[in-house]
1. What are the pairs with Cβ atoms under 8 angstrom where one residue, in the stretch 113-124, is within 19 Å of I180 (Cβ to Cβ) and the other, located anywhere, is open to solvent by 70 Å² or more (accessible area, probe 1.4 Å) and of a type in the set (V, I, T)? Sequence gap at least six, or different chains.
2. Count, please, the residues in the stretch 216-240 that happen to be closer than 22 Å to K161 by Cβ and out of contact with any helix residue (DSSP H, G or I) (no Cβ under 7 Å at 6 or more places or on another chain).
3. I'd like to check something: does the stretch 72-82 contain any residue that is more than 16 Å from the ligand (Cβ to nearest atom), modelled with pLDDT of 95 or more and surrounded by fewer than 15 Cβ atoms within 10 Å (Cβ to Cβ)?
4. Please list, ordered by first then second residue, the pairs with beta carbon atoms under 8 Å, 6 or more apart or interchain, first in the stretch 45-62 and assigned by TED's automatic domain parsing to the domain that holds P12, second of a type in the set (D, E, K, R) and near the ligand (Cβ under 9 Å from one of its atoms).
5. Might you let me know whether the stretch 27-42 holds any residue that is hydrophobic (A, V, I, L, M, F, W, C), more than 17 Å from H92 (Cβ to Cβ), more than 9 Å from the ligand (Cβ to nearest atom) and in contact with a Leu (Cβ under 6 Å, 6 or more places away or on another chain)?
6. Which residues, counting only those in the stretch 72-87, are within 24 Å of L47 (Cβ to Cβ) and of a type in the set (D, E, K, R)?
7. Scan the stretch 1-37 residue by residue and report those that are at pLDDT 90 or above, buried (at least 17 other Cβ atoms within 10 Å of the Cβ) and part of a helix (DSSP H, G or I).
8. Might you let me know whether the stretch 95-102 holds any residue that is at pLDDT 95 or above and open to solvent by 70 Å² or more (accessible area, probe 1.4 Å)?
Amino acid sequence: MIVMVKITKLSPLEIYKLLPRRSGCRLCGEDSCMAFAIKLLSLQTNLEKCKPLIEDPGFRENYEKLSKLLKPLVKEIEIGVGDRKVVIGGKHVVHRHELMLRNPTAIAIDVSDDLDKDKIIEKVEFINNFKYEYVGYELKLDLIAVRSVTNDPERFKSTLKIVNEYSKRPIIICSIDPEIIHAGLEVLDKERPLIYTATMKNWIKVLELVRRFKVPVTISSLGKINDLISLVKTFRKYGISDLCLDPGTI
Ligand code: SF4
């Protein structure tokens, strides 16, 4: 099990040394730069609150160093926009019990495109309103996955239009057919949906769509970890870094 991570190896002093260290400034809301450094390490604040660091060109290099040091090991990915945005990833730890409340795992329920309009709306409303009390937390559903089962681009489009109109959650486009994915992206081109999914078979066309529509994408490898690594490297080579990894659920 991987437990140790970069941020937990840092000391507040290492962070402090790179801060502007202006005594009595308190623009970050803390009494001192050391207090700010400690909060940065425990993820209770963010670098951008230190205005001198951000605004003074003399600290540009320090800001870049700190950004790199504090960058999460797992990249943060935004799905959706505005009120319907969900953020996943951004983890500084791999161990599941540490810092687990930062971007908790997002849960999605799917709606298929073979349903009639009333049934789609009923499912979407269920997802919008679902709540579950669990040890003091109110859990809800975070995303809605629209799955193409008819393999008909027009049917998929009309399902997505209904879901997009009624859903309060961001949307996952579920298909391995690039034509269907393209149809979905045309409907949701301003909504930043997550594509599910690119595989060894469809990746060339999916990569083109991801670049064109600037959306996050899942990469699936059917249990073959080397395929997953290869696809991730390829997507990154083309400048695509908003990647979710699926080692094998389809
Ligand atoms: S805003 Fe920056 S320089 Fe000012 S006290 Fe906070 S950390 Fe120090």
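The values are calculated or read from the model by the stated rules, or taken from the named source; none is laboratory data. These figures come from a predicted structure and were not determined experimentally. Glycine also receives a Cβ, built like all others from the backbone with ideal geometry; neighbour counts cover every protein chain displayed. With ligands, DNA and RNA removed, areas are computed over all heavy atoms of the protein, side chains included. Shrake-Rupley method; radii C 1.70, N 1.55, O 1.52, S 1.80 Å.
1. Hits for this filter: D113/V149; D114/V149.
2. So the count comes out to 1.
3. Checked the stretch 72-82: at least one residue is more than 16 Å from the ligand (Cβ to nearest atom), modelled with pLDDT of 95 or more and surrounded by fewer than 15 Cβ atoms within 10 Å (Cβ to Cβ).
4. Correct list of pairs: T45/E30; P52/R22.
5. No, there is no match, as no residue in the stretch 27-42 is hydrophobic (A, V, I, L, M, F, W, C), more than 17 Å from H92 (Cβ to Cβ), more than 9 Å from the ligand (Cβ to nearest atom) and in contact with a Leu (Cβ under 6 Å, 6 or more places away or on another chain).
6. Across the stretch 72-87, the qualifying residues are K75, E76, E78, K85.
7. P12, I15, Y16, L18, C33, F36, A37 - these are the residues of the stretch 1-37 that are at pLDDT 90 or above, buried (at least 17 other Cβ atoms within 10 Å of the Cβ) and part of a helix (DSSP H, G or I).
8. no
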